[in-house]
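Below: the structure, in structure tokens.
The values are calculated or read from the model by the stated rules, or taken from the named source; none is laboratory data. Note that the structure is predicted; figures quoted are calculated from it, not measured. Backbone-built Cβ (ideal geometry, glycine too); neighbour counts: all protein chains shown.
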Amino acid sequence: MGIYNFSAGPAILPPEVLEKAQNELLSLNGIGMSVMEISHRSAHFARVLESAENGIRELLEVPENYKILFLQGGASLQFSMIPMNFLKTAADYVVTGAWGEKAVKEARKCGTVNVILSTKESGFRSVPAQDELNFSQTADYIHYCSNETIDGVEFKYDLDGKGIPVVCDASSNILSKPIDVEKYALIYAGAQKNIGPSGVTLVIIRDDLLEKVPTNQFSMLDYRAIAANDSMLNTPNTWGIYLISLVCEWLKAKGGVSAMARLNEEKAKILYDAIDTSDGFYSGHAEKKARSLMNVTFRLPSENLEKQFVEEATLSGFDGLKGHRSVGGIRASVYNAFPKEGTRALVEFMREFAHKND
Ligand SMILES: Cc1ncc(COP(=O)(O)O)c(C=O)c1O
């Protein structure tokens, strides 16, 4: 039985990428050694790193005055590294979900954090419009999460900091659509959804921010030192970076992020339409205009039915649908590599399930 993998992350990777990696596992490009066996300082790996960096730069049209870095420690380490480097007076945080909250918790250990807007009271179902945001004039930076993976809410615009540096956690929607990189000072993302395997964090950072890193910063937390050493201050995750280079090649062959955006709109619509036409059997968590194209979150009439739904779905070959342990419900994650036919198949399963259990 084929499996449709709806995991929120680590998540489905393009089968073509896995096949290429399998073919090259023992001998990268015919060199007679695996990518996992060669020095990160070798010319062979230099080509891999360059290809991953150029791939991201090309796909997201990253201007020359930004560095592309591959770090470790997950997106979670960025929750700490960002304030450790850039929080001097105070920082503004916009909180639209569980990950934004975690970012605040870490930043508070470093200094003053102003949560200028939080949608927690209303259950993390919406995102603010740009004109609802009033930034503190003294903020060192503004932090927000462009797609809250657990709650399934997504910003539909690139936030404008009006001169204040914008820092964005784009872990779960990066490469899913074109973005205007110039609106941001720093974008970060754990790789394990749309970019590659876990264990690598992508950071896109504007050059002027590097100058603000404290001179006594610990080396492994120092963006400037990492950038100066081309992400190789220590041994990087060579295997992860290799897979990123393959994912970038795959994305380019598929028409890049604009083509992905169209496909992602179509896939999400199939699922949201099924929710909206279920006569209330399924209810979407997010407000319609904030609905994530990557993580479709919804509830059933009872927790028992949700449990049964997940069990029966798993038996039918739909994996990873259980909502995050903190919120419950159902979550269908449909990242770039998730096939459209999988959304159609799930919708069919949902209709049958509702019919049997209504
Ligand atoms: C939006 C978002 N931010 C941060 C994280 C944490 O990422 P990591 O596990 O790489 O630290 C996740 C993980 O799923 C996420 O979805």
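Give the stretch 186-203 a look and list any residue that's of a type in the set (Val, Ile, Thr), crowded, with 24+ Cβ neighbours inside 10 Å and under 18 Å from MET81 (Cα atoms), or say none. Quick ask: steps written out before the conclusion?
Our first condition is that a residue be of a type in the set (Val, Ile, Thr); within the stretch 186-203, this holds for 187, 195, 200-201, 203.
Then drop every residue that is not crowded, with 24+ Cβ neighbours inside 10 Å, which leaves 187, 195, 200-201.
Those that are of a type in the set (Val, Ile, Thr), crowded, with 24+ Cβ neighbours inside 10 Å and under 18 Å from MET81 (Cα atoms): ILE187, VAL200, THR201.
For the condition closer than 30 Å to ALA268 by Cβ, in contact (Cβ under 8 Å) with a residue 24 or more places away in the chain, more than 16 Å from the ligand (Cβ to nearest atom) and among the acidic types (Asp, Glu), what is the one hit in GLU249, GLU148? Reasoning before the result, please.
Details: GLU148 fails: more than 16 Å from the ligand (Cβ to nearest atom).
Testing whether each residue is closer than 30 Å to ALA268 by Cβ, in contact (Cβ under 8 Å) with a residue 24 or more places away in the chain, more than 16 Å from the ligand (Cβ to nearest atom) and among the acidic types (Asp, Glu) leaves just GLU249.
Only one residue in ALA103, ALA91 is within 12 Å of the ligand (Cβ to nearest atom) and either hydroxyl-bearing (Ser, Thr, Tyr) or under 22 Å from ASP158 (Cβ atoms) (or both). Which one?
Values: ALA91 fails: within 12 Å of the ligand (Cβ to nearest atom).
From the options ALA103, ALA91, the qualifying one is ALA103.
Tally time: how many residues in the stretch 72-92 are touching a Pro at 6+ places or on another chain (Cβ under 8 Å), buried (at least 21 other Cβ atoms within 10 Å of the Cβ) and within 13 Å of TYR188 (Cα to Cα)?
Of the residues in that region, 0 qualify.
Would you check if ILE226 is away from the ligand (no atom under 16 Å from the Cβ), under 30 Å from SER39 (Cβ atoms) and in contact (Cβ under 8 Å) with a residue 40 or more places away in the chain?
Numbers: away from the ligand (no atom under 16 Å from the Cβ): yes; under 30 Å from SER39 (Cβ atoms): yes; in contact (Cβ under 8 Å) with a residue 40 or more places away in the chain: yes.
Here the answer is yes, as ILE226 does meet what is asked.
So is GLU61 more than 16 Å from the ligand (Cβ to nearest atom), touching a residue at least 24 places away in the same chain (Cβ under 8 Å) and assigned by TED's automatic domain parsing to the domain that holds ARG108 or not?
Working: more than 16 Å from the ligand (Cβ to nearest atom): yes; touching a residue at least 24 places away in the same chain (Cβ under 8 Å): yes; assigned by TED's automatic domain parsing to the domain that holds ARG108: yes.
So GLU61 fits the description; yes.
Of the residues in the stretch 8-28, how many are charged (D, E, K, R) and loosely packed, with under 15 Cβ neighbours inside 10 Å?
Kept after step one, since they are charged (D, E, K, R), are these residues of the stretch 8-28: 16, 19-20, 24.
Subset that is loosely packed, with under 15 Cβ neighbours inside 10 Å: 19.
Going through the stretch 8-28 one residue at a time, the tally reaches 1.
Looking only at the stretch 211-225, count every residue that is surrounded by 15 or more Cβ atoms within 10 Å (Cβ to Cβ), of a type in the set (A, V, I, L, M, F, W, C) and more than 23 Å from the chain's Cα centre (by Cα) and tell me the total. Give the derivation first.
We begin by selecting, within the stretch 211-225, every residue surrounded by 15 or more Cβ atoms within 10 Å (Cβ to Cβ); these are 212-213, 217, 221-225.
Imposing the further condition that a residue be of a type in the set (A, V, I, L, M, F, W, C) reduces the set to 213, 221, 225.
Now drop any that are not more than 23 Å from the chain's Cα centre (by Cα), which leaves 213, 225.
Total satisfying the criteria: 2.
Please specify each residue of the stretch 144-184 satisfying the condition of being surrounded by 21 or more Cβ atoms within 10 Å (Cβ to Cβ) and of a type in the set (Gly, Ala, Ser).
Passing the criteria: SER146, GLY152, ALA170, SER171, SER172, SER176.
Would you confirm whether or not the stretch 304-315 contains a residue that is outside the structural domain of ILE204 (by TED's automatic domain parsing), under 23 Å from the mean Cα position of the chain (by Cα) and not small (Gly, Ala, Ser)? Before the answer, list the steps.
Pass one, the stretch 304-315, residues outside the structural domain of ILE204 (by TED's automatic domain parsing): 304-315.
From the residues that got through so far, the ones that are under 23 Å from the mean Cα position of the chain (by Cα) too are none.
No, the conditions are met nowhere in the stretch 304-315.
Starting from residues that are away from the ligand (no atom under 15 Å from the Cβ) and among the charged types (D, E, K, R), keep the ones in the stretch 171-198 and report whichever is nearest to the chain's Cα centre (by Cα).
Looking at residues that are away from the ligand (no atom under 15 Å from the Cβ) and among the charged types (D, E, K, R), I get LYS177.
Could you tell me whether LEU71 is more than 12 Å from the ligand (Cβ to nearest atom), at pLDDT 95 or above and either in the same structural domain as GLY190 (by TED's automatic domain parsing) or over 19 Å from GLY161 (Cα atoms) (or both)? Spell out the reasoning first.
Details: more than 12 Å from the ligand (Cβ to nearest atom): no; at pLDDT 95 or above: yes; either in the same structural domain as GLY190 (by TED's automatic domain parsing) or over 19 Å from GLY161 (Cα atoms) (or both): yes.
Spelling it out, it is not the case that LEU71 is more than 12 Å from the ligand (Cβ to nearest atom), at pLDDT 95 or above and either in the same structural domain as GLY190 (by TED's automatic domain parsing) or over 19 Å from GLY161 (Cα atoms) (or both).
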